[in-house]
Structure formats: C-alpha cells, structure tokens
Amino acid sequence: MSDVTIRPARESDQEMIKQMVRDEQLDPTNLNWPQFVVAEHDGQIVGIGQVRPYPKCRELGSIVVKAEYRKKGVGALIINTLLANETGVVYLESEAHNERYYARFGFERIPFWRAPMPLKAKAGMIKMMGLFMGFRMVVMRRPAPGG
C-alpha cells in the first residue's frame with residue numbers, strides 16, 4: 001500500500017502496541033516501544049513489529065497488522081524495515097502455517113534446540129503448549145546478510 005508509512009514507534013504508541021499484541025494473543029513480554037516500528041495510514045496505527053534483543057540473539061516478533069490491512073503488503077513493509085538494520089542472525093517463532101511467508105524474507109526453519117538461549121527455552125515451552133492446545137510452532141533463522 002503506497003499510502004501506508006512506516007516510522008519508529010513513539011512513547012505515546014506504547015499502549016496501542018500492548019493492545020494489538022494482546023488482541024492477537026502473541027508473546028506479551030518485552031514490549032518496549034523503542035524496539036518497534038509502526039505502520040500508519042491516515043494517522044492511525046494499522047500495524048506494528050519489533051526486533052527483541054536477547055543477550056545472545058535477536059528475535060523478530062510482535063508482527064501485527066489490523067485485519068482490514070492484511071494481504072496488502074503492510075506486514076512485508078514492517079518486516080523489511082526491521083530487517084534492513086539487522087547485520088547479524090535473526091530468529092523468529094511462528095505458527096507452522098506461516099513458515100512459507102517468513103521464508104520470503106530469508107528465514108529457514110531450524111530445530112528449536114538449535115536456537116540460542118534464552119530463545120531455546122522459550123521456544124521449547126511454546127512448542128509444548130502447542131501440543132496441548134492444538135497448534136504447531138516452528139523456530140526460524142535468517143542468516144546474517146552476506147554470511
């Protein structure tokens with residue numbers, strides 16, 4: 001969508017970020033506005049995303065696009081903006097049905113136990129929850145650009 005702009009999140013966006021993550025039942029931890037970008041249309045936030053910093057890795061996460069803006073390229077704008085500044089390896093966790101989508105951005109599925117800590121522990125817990133709740137999670141890795 002050419003009329004959607006991506007910008008760094010502001011402190012005033014914090015509550016909207018938390019609400020959008022809660023509404024989609026995504027990981028509610030580490031939702032710090034300075035890590036986020038937001039997609040705006042006519043002054044309204046229509047999408048969000050972040051790269052979570054961990055001690056030994058970075059994780060693409062909290063990607064949310066409002067329903068009426070899905071399948072219009074907003075998610076790709078958010079992801080491409082976030083990944084443009086990443087010089088190292090980036091990981092993500094997703095439901096298995098989204099694996100092909102993230103492959104478009106250079107992510108490849110890996111066994112959860114190959115992720116660095118603490119992502120490995122988090123992924124293992126989510127994988128176990130998925131077995132009981134009827135969803136399948138995958139861990140994916142995007143190699144460092146040029147590496």
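The values are calculated or read from the model by the stated rules, or taken from the named source; none is laboratory data. Treat the numbers as computed from the prediction; the structure is a model and nothing was measured. Cβ: placed from backbone, ideal geometry, glycine included. Neighbour counts: every protein chain shown.
Numerical summary
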{"read-out": "Long-range neighbours under 6 Å by Cβ, at least six apart or interchain, first residue without any contact (Cβ under 8 Å) to a residue 40 or more places away in the chain within segment 12-24, second surrounded by 14 or more Cβ atoms within 10 Å (Cβ to Cβ) and in a helix (DSSP H, G or I)", "value": "Asp13/Trp33; Gln14/Trp33"}
{"read-out": "Qualifying residues in segment 25-52 (those that are surrounded by 13 or more Cβ atoms within 10 Å (Cβ to Cβ) and acidic (Asp, Glu)) - the one farthest from Met137 (Cα to Cα)", "value": "Glu40"}
{"read-out": "Among the candidates Glu86, Glu93, Glu40, Glu59, residue that is modelled with pLDDT under 95, outside any helix (DSSP H, G or I) and charged (D, E, K, R)", "value": "Glu93"}
